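Participant: Structure in C-alpha cells, see below.
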C-alpha cells in the first residue's frame, strides 16, 4: 500500500516541480533566444532568417498541400471504401471544425504567399 501512495506522491511532487520551475525556465530560455535572434537579424543586419525563407516557404507549401490532400482522401476515397464511415449527424461538428481550420489556414497561406512573392518579385 505504501508503494501505491508513494507513487502518487512522487508523481504529484514531480508535476508541481515541473509547473513551478520547469515551465518558467523553458519559457524564459525560449524568450531570451528569440530576442537574441530577432535583435541580431534587425539591428546587426544579419540576414539569418532571410537565407532560410525560401526553404521555409517550400516546407509550408508542402504541409499545406498535404493537409488538403489528406482531407480529400479522408472524405472521398476512404469513406467510399469503408462501410463504417461516420454519418452526417455523427461527424457534423468535426467536419465543421476541420473546414474552419482549413479556411483559416488557406487565408494565412494566401497572405503569406502574397507577401513572400511580392518580396521575391519586386
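The values are calculated or read from the model by the stated rules, or taken from the named source; none is laboratory data. Being a predicted model, the structure only gives us computed values, none of them experimental. Cβ sites come from the backbone with ideal geometry, for glycine too, and all protein chains shown count toward neighbours.
Participant: I'm trying to understand the selection: among the residues of the range 26-81, which are modelled with pLDDT of 75 or more, touching a helix residue (DSSP H, G or I) at 6+ places or on another chain (Cβ under 6 Å) and more than 28 Å from residue 104 (Cβ to Cβ)?
Facilitator: Scanning the range 26-81 gives no hits.
Participant: Among all residue pairs at least 6 apart or on different chains, which show Cβ distances below 6 Å where the first residue, located in the range 101-121, is in the same structural domain as residue 59 (by TED's automatic domain parsing) and the second is part of a helix (DSSP H, G or I)?
Facilitator: 109/64; 116/57
Participant: Turning to a different aspect of this structure: Could you tell me whether the range 85-101 includes any residue that is in a helix (DSSP H, G or I), modelled with pLDDT of 85 or more and under 22 Å from residue 65 (Cβ atoms)?
Facilitator: yes
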